[in-house]
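Each remark here refers to the structure printed beneath this line.
The values are calculated or read from the model by the stated rules, or taken from the named source; none is laboratory data. Because the structure is predicted, anything quoted here is derived from the model rather than measured. Protein only, heavy atoms only, side chains kept; ligands, DNA and RNA dropped before computing areas. Shrake-Rupley method; radii C 1.70, N 1.55, O 1.52, S 1.80 Å.
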Amino acid sequence: MASEASWPLWIEQQLVRRGIRDRRVLAAMAAIPREGFVPPQEQQHVGEDAPLPIGCGQTISQPYINALSLEALELKGSERVLDVGTGSGYQAALLSCLAAEVHTIEVHADLLDRARTNIAVHHRAPVHCHLGDGRLGWPDAAPYEGIVVGAWAKEPPPALLEQLAPGGRLVIPLGSESWQTLVCLRKLPSGAFEREELEKVRFVPLVRPAARR
């Protein structure tokens, strides 16, 4: 991955100055080109620290939120992780720099097809792409040491909590359509959860297959 000396200026301006400290996360952000996951009509905005539309009513998150979510997972490199809401495939590709194995699930078939192509070009560790309901996770590969969700829900989906390994972390935006908070839930050995609120955010909703447009 990219070394600190070769990091582009935006890493310092958009991430480090806002408090991102995990060097592995910063190196992953520098190594995986965001422009490889953004539609042609949005390429002029790819350097902005802002979400961008990718089709199907979905967005690619602003880089700072990607970095904040990944930092909260505290990955060391040996973990199996789940990415809920594949979207463009950008976050799954970033996770492939930070974990040993990535599973990613998307409800929109068109998005998943494009994401597979994007991920194939840029991934590091193996990334397995699945079509399905993100609320149900992907039990066939559970448990996961980290789960990150790219869409908001009112409450953490029970299936995701169940599929999280003891000591694992779930990062998810929780709230309502008008306001959300990015939350990190760490699963304790007892099965209880320790909660940390990270940032006020604005995400698209986590939809079921029947709610697709």
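Counting only C-alpha contacts under 8 Å and six or more residues apart, can you give the relative contact order of region 74-213 as a whole percent?
Once divided by the residue count of region 74-213, the mean separation gives 21 percent.
Let me know the volume per residue of the alpha-carbon convex hull for region 92-213, in Å³.
Values: hull volume 13.1 nm³, N = 122.
Hull volume normalised by residue count: 108 Å³.
Grab the DSSP H runs of the chain that are 4 residues or longer, score each as -39,500 (n - 2.57), total them, divide by all residues and round the 222 nm result to the nearest 500 deg cm²/dmol. Show your work: numbers first, answer last.
Values: 5 runs with 47 residues, N = 213.
The helix-only estimate for the chain comes to -6500 deg cm²/dmol at 222 nm.
Would you please give the residues with an amide H less than 5 Å from that of Gln180, counting only those at least 5 places away or on a separate chain, with H modeled from the backbone geometry?
Residues meeting the criterion, in which the H sits 1.01 Å from N, are Val201.
Measure off, as a whole percent, the carbon and sulfur share of the 1.4 Å-probe accessible area of the chain, all protein chains present.
Details: 4960 of 9760 Å².
Answer for the chain: carbon and sulfur cover 51 percent of the accessible area.
In square angstrom, what is the accessible area per residue of the chain with a 1.4 angstrom probe?
With all protein chains present, the chain gives 46 Å² per residue.
Sort region 47-91 into rounded, prolate or oblate with this rule: let a ≥ b ≥ c be the square roots of the eigenvalues of the Cα gyration tensor; rounded if a/c is under 1.5, and if a/c is not under 1.5, prolate when a/b is larger than b/c, oblate otherwise.
It is oblate, given that a/c is not under 1.5 and a/b is not larger than b/c.
Over the Cα atoms of the chain, compute the convex hull volume and normalise it per residue, giving Å³.
Expressed per residue, the convex hull around the Cα atoms of the chain is 113 Å³.
From the square roots a ≥ b ≥ c of the eigenvalues of the alpha-carbon gyration tensor of region 1-111, which class results: rounded (a/c under 1.5), prolate (a/b over b/c), or oblate? List each step's numbers first, then the result.
Details: a/c = 1.92, a/b = 1.14, b/c = 1.69.
It comes out oblate by the Cα gyration axes.
Amide H to amide H under 5 Å from Leu164: which residues, 5+ apart in sequence or cross-chain, H placed 1.01 Å off N in plane?
Tyr144
Show the residues, 5+ positions off or on another chain, whose built amide H is closer than 5 Å to the amide H of Thr86.
Long-range HN contacts for Thr86: Ile105, Glu106, Val107.
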